[in-house]
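Heads up: the structure comes next, in structure tokens.
The values are calculated or read from the model by the stated rules, or taken from the named source; none is laboratory data. Quantities reported herein were computed from a predicted structural model and do not represent experimental measurements. So basically every Cβ, Gly included, is an ideal-geometry build from the backbone, and we count neighbours across all protein chains shown.
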Amino acid sequence: MSGSTYPSWVHELGERRLVEQFGEVTLARGQEYVRQGRVGRIVTGSGTGGSLVQAQVRGSSYRTYQTVARYHADTGAVSTSCSCPVGFNCKHGAALLWHMRTVSLRALVPEWQRALEQITAETRTAPRGQPLAVQVTRAARGSIQLRPLVWGKSGRWVRTGITWDSVLQPWSGDYVEEHRVVLAGLARGRDSRSGYSFYAQRADLLELGELGPSAWAWLRAAGEAGVDLVPGQGTPPVRVAADPARVAARLGPDGGGLVLRTCVASGDREWPVVYADLLGSPPHGLVVDEPGELLLVPFAESLSQAQQALLVQHPRLRVPAADVPAFAAEFAPALRRLVDLIVEAGVDLPETSPPQVLVKVRYGPEHRTDLEWLFRYRVGERALDVELSPAGSRPAYRDGDAERTLLDGLPAGPWPVRADRAGAHPLARATLTGPATADFVTNWVDRLTAAGVLVETTGRPQPYRLVEQAPQVSLAVTDPAEGADWFNLAVTITIEDEPVEYRELFTALATGQTHLILPSGVWFSLERPELEQLRALIEEAGQLQAKDAEGLRLRAEHAGLWEELVSLGVVAEQSRAWSSAVTALLHTDELPRVALPAGLRASLRPYQELGFRWLHFLHGARLGGILADDMGLGKTLQALALASALAEEGRLERPLLVVAPTSVLGTWATEAARFAPGLRVRVVEQTSRKRTQPLAGLASDADLVVTSYTLLRLDEAEYTALPWTAVFLDEAQFVKNRHSRAYLAVRKLRAGAKFAITGTPLENNLMDLWSLLSIVAPGLFADPAAFAEFYRRPIESGSDPQALGRLHRRVRPLMLRRTKESVAAELPPKQEQVLSVPLAPGHRRLYDKQLAAERKRVLGLVDDLRRNRITILASLTLLRQLALSPALVLPDQPVASAKIDALVELVTELASEGHRALVFSQFTTYLGMVRDRLAEEGIGAVYLDGRTRDRAARIERFRSGTDPVFLISLKAGGFGLTLTEADYVFILDPWWNPAAELQAIDRTHRIGQDKHVMVYRLVSEDTIEEKVVALQERKRDLFAKVVGESGDLAAPLSADDIRGLLEP
């Protein structure tokens, strides 16, 4: 805004009036704000009783305040208000009024005059104000005191009316500005004082030593600005040295030795110094008493403690002739960095040679060698050996760059190294043992010498010789003491006919050593695959036997381990019993020929006859095993063949015991009557409390006793009290939990051999397989912890690809598994299909609403799965039921299900074509809804679940009847049934245990089926059921890997599995 638009009352604002309103200090600060251009955005206006002006004024820290000036027409007064903390008549208001006054007055000056005034302003040099000076006084204690002076009216310098505070601001007094700026610079040095004294609290006095190095620049500026340095009382004229000083040391001859004299030098002048002459802490200047004047000398840099000590405490040092080399090597380089070292004529300092790497070698007994690595310097004739990395300060003569170059050039040898930012270098002190010593002596002493390394030795090394040929491994298996069921394993290793202690060898291999040294000095490489394989096998053999066993032992169950050992060495000896047992276990085609029992009323297929011979051999060798054939391949028949053979051979002094699920006890009785009618079979279906006859009485005239896992658990003492010829565990996965009472009861049974019969020897994880093997072959993997370490964790995590192969080889002799595809090619194919069924709109809304609630609930619990597992599974079960029908979860909902509609449509069609179907569901309530709907549609159906009393009658009704549908709960019909009359299978709700589904399907897809089998899995679209199917696919791998053929896995749900089931 131009001055012509400001109100006319602005011209009446004289300087005197503004001083009266604001005071001199506030007005001066406002004037400074105007000079800095901090007033802007001025707006004028009129108000009640006068006019006003509003502006923005930038204050401290660049904060902007709203400032208003009001003119009161009735009184002619002007007032100001502001948004700053002061509120009124502040420096911002003064700045606004002074700005308007200045602009208005300038507008009254002619344009030509304003232009010339601006141009000629620089030529008007007459100073305005009072000149200033600085009084310099040398105090009694040697310090330099500074006082501000002003030119008085009496025509001389006076101290009255001026302090160091009064020169800090331009409005504090009418001084020559150039002088004031210099003195203000000195005054501000108080903020960086290095120490405080009594005088530090006085406003009229400064200590030069306390002001810090910046004071010297202001003293030089004082001279340039014409500020006089006035000497105080008792002080000669004062002058500031033009050249800064430095610490210098002269090194001169002194007889045969040296003398070092330290002083301060400035230009061509040198002075000795006493402590009292130094200014500041640390010293940044000094005082020199020159003739007729006092010289103030600044240092180029403040003195360090070392410089101060050398200058004041040791201004003169003598170095004897004998110590000159040490002085030249260790101290002269440091002095050059500390001061200006002047070497006078006649002084000849010996030079320090470049460093060399030195290794001191001390040979000791038992292939032990101590190494000490150093650097060696030479100063004249003197050798100086220093550490690779000094613990304290590095001596001045050391050349770090040259040392690093030497270390970088060292080859990598058998000595240990330490890596840091600078690189890798040998440990200063190290000990080599065994092969490392042999390697050092044989390969590295000469190489180091050739590389320029100084090698100093103490003692004599043994003559070492590296042998290239492989060690010879010899194995021997001998019979144990009478009555033991294990064999002694001896491993002998030699090289050039010198024996090698195998424990020492295996320790070296286990710890990653590359060579092994023998007492004679012969050493050889361990980097041979066959040695590492031998170490792993021996370690495994040691881990898999009982912890308290002495030496190495093998049992017949370890045939797979022996097979690998033989591939690595020469069999020097093996007992006849061991050889015959191992050969048959490893090669089923070499199993002894056994005549089929005459009383067996069945024609065995070739694979069934092989299974019978395998069981027969194991029983004769007092070994157990796992018969793991696919479901439907006649495992029961093979077991009955063994029972018949033993009966006919007169080897059934005690009966055989069959332990099976309750639902299949009748199947064993039926199959025995059909295929082995000569066997005396007793089925135990009641506990000892309900039975009228004790178990011993039942077994006394029986060849085969059949009982359930439940009864065995309840009457454990009764069953374990009797001896049995053998035990068959049908559906042996029932005892997969090694912590369960049923498992413990089976382990306690006294029998010549135990056999597990199951199509799924592994369901949850590899410990299921261990549980079965610990029953049938307790010596194979004696320790579950060792089994987990060697097999379970490496296989399930994928960390050791070789572990799976090792487990296959260990288990193969004791587990026989054949699949339908490999031995029953005539069996019609099985086709499986997933049918996606969309939910009805109302059903969909109910499901999505419940899913959102359960997802939020479960995801908040899943991190503590162990504690919340029951609650989480309840939520998942609710969602699975809701995916079938709302009526299963919400009682007020009608009985409706899109999946039942789809099933009825399919069943109607297949029934019309003469087909029959098995329909499985886990939820009996839902199965009942299906039964009711089929009845409404006029479709005949047979129903079976776990509560059905007349189970056998229901099965026979379907097999001999014409009803096209058999409704079966998954758990009730998952095993123990043969229903080849059906050729269609419907799974109404998927379960995360696919093994259970496969068992259900195999009720019809088994030997005897002559029709194609169609399997339909009905899955509700966009529900948890689709997630369950995806989970099944991820769980199918482990069984196939371990058992060796296709199968299924039903691992328990993990936290990640549960999160996946609830993903959007």
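Summary table below
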read-out	value
Residue that is nearest to V467 (Cα to Cα) [pool: residues in segment 416-433 that are out of contact with any Leu (no Cβ under 6 Å at 6 or more places or on another chain) and surrounded by 19 or more Cβ atoms within 10 Å (Cβ to Cβ)]	L432
Top-ranked residue in segment 58-76 [being outside any helix (DSSP H, G or I) and under 30 Å from G173 (Cβ atoms); ranked as modelled with the lowest pLDDT]	R63
Flag for H11 being farther than 25 Å from D174 by Cβ, in a helix (DSSP H, G or I) and out of contact with any Gly (no Cβ under 8 Å at 6 or more places or on another chain)	yes
Selection count where residues are among the β-branched types (V, I, T) and either part of a helix (DSSP H, G or I) or within 53 Å of the chain's Cα centre (by Cα) (or both), scope segment 592-646	2
In segment 26-50, the residues that are of a type in the set (A, V, I, L, M, F, W, C), more than 18 Å from R106 (Cα to Cα) and touching a helix residue (DSSP H, G or I) at 6+ places or on another chain (Cβ under 6 Å)	L27, A28
Any hit, segment 41-57, residues being under 60 Å from the mean Cα position of the chain (by Cα) and part of a strand (DSSP E or B)	yes
Segment 616-628: number of residues that are closer than 19 Å to T760 by Cβ and either touching a Phe, Trp or Tyr at 6+ places or on another chain (Cβ under 8 Å) or basic (K, R) (or both)	4
Residue within segment 284-303 that is among the polar types (S, T, N, Q), exposed (fewer than 15 other Cβ atoms within 10 Å of the Cβ) and part of a loop (DSSP other than H, G, I, E, B) present	no
Residue match in segment 623-641 (condition: in contact with a strand residue (DSSP E or B) (Cβ under 6 Å, 6 or more places away or on another chain), farther than 18 Å from K754 by Cα, at pLDDT below 90 and in the same structural domain as L773 (by TED's automatic domain parsing))	no
Hits in segment 829-841 (condition: touching a residue at least 12 places away in the same chain (Cβ under 8 Å) and of a type outside the set (K, R))	P829, Q831, E832, Q833, V834, L835, S836, V837, P838, L839, A840
Counted residues, segment 476-510 - those being part of a loop (DSSP other than H, G, I, E, B) and at pLDDT below 75	8
Boolean, A941 is at pLDDT below 80 and among the aliphatic types (A, V, I, L, M)	no
Residue under evaluation P461, criteria (1) over 13 Å from V361 (Cβ atoms); (2) assigned to a loop (DSSP other than H, G, I, E, B), criterion not met	(1)
When residues of segment 153-183 are limited to those that are at pLDDT 85 or above and among the basic types (K, R), the one nearest to the chain's Cα centre (by Cα)	R180
Of all residues making up segment 692-721, the number that are β-branched (V, I, T), outside any helix (DSSP H, G or I) and in contact with a strand residue (DSSP E or B) (Cβ under 7 Å, 6 or more places away or on another chain)	3
Filter result for I757 (crowded, with 19+ Cβ neighbours inside 10 Å and farther than 30 Å from L652 by Cα)	no
Considering residues of segment 319-358 that are among the charged types (D, E, K, R) and in a helix (DSSP H, G or I) only, the residue surrounded by the fewest Cβ atoms within 10 Å (Cβ to Cβ)	R337
Pairs with Cβ under 9 Å, 6+ apart, first in segment 292-304 and at positive phi, second part of a loop (DSSP other than H, G, I, E, B) and surrounded by fewer than 23 Cβ atoms within 10 Å (Cβ to Cβ)	G292/P236; G292/P237
Selection within segment 865-918 - charged (D, E, K, R), surrounded by fewer than 15 Cβ atoms within 10 Å (Cβ to Cβ) and over 36 Å from the mean Cα position of the chain (by Cα)	D892, D901, E905, E909, E913
Options L186, L149: the member that is within 60 Å of the chain's Cα centre (by Cα) and either surrounded by fewer than 19 Cβ atoms within 10 Å (Cβ to Cβ) or at pLDDT 85 or above (or both)	L186
R689, sole failed condition from (1) assigned to a loop (DSSP other than H, G, I, E, B); (2) farther than 27 Å from R947 by Cβ	(2)
Segments classed as strands (runs of 3 or more DSSP E), wholly inside segment 206-273, with at least 1 members that are in contact with a helix residue (DSSP H, G or I) (Cβ under 8 Å, 6 or more places away or on another chain)	228-231, 238-240, 246-254, 257-266
Count of segment 735-758 residues which are closer than 17 Å to L714 by Cα and of a type in the set (A, V, I, L, M, F, W, C)	6
Any hit, segment 22-40, residues being touching a strand residue (DSSP E or B) at 6+ places or on another chain (Cβ under 7 Å) and among the small types (G, A, S)	yes
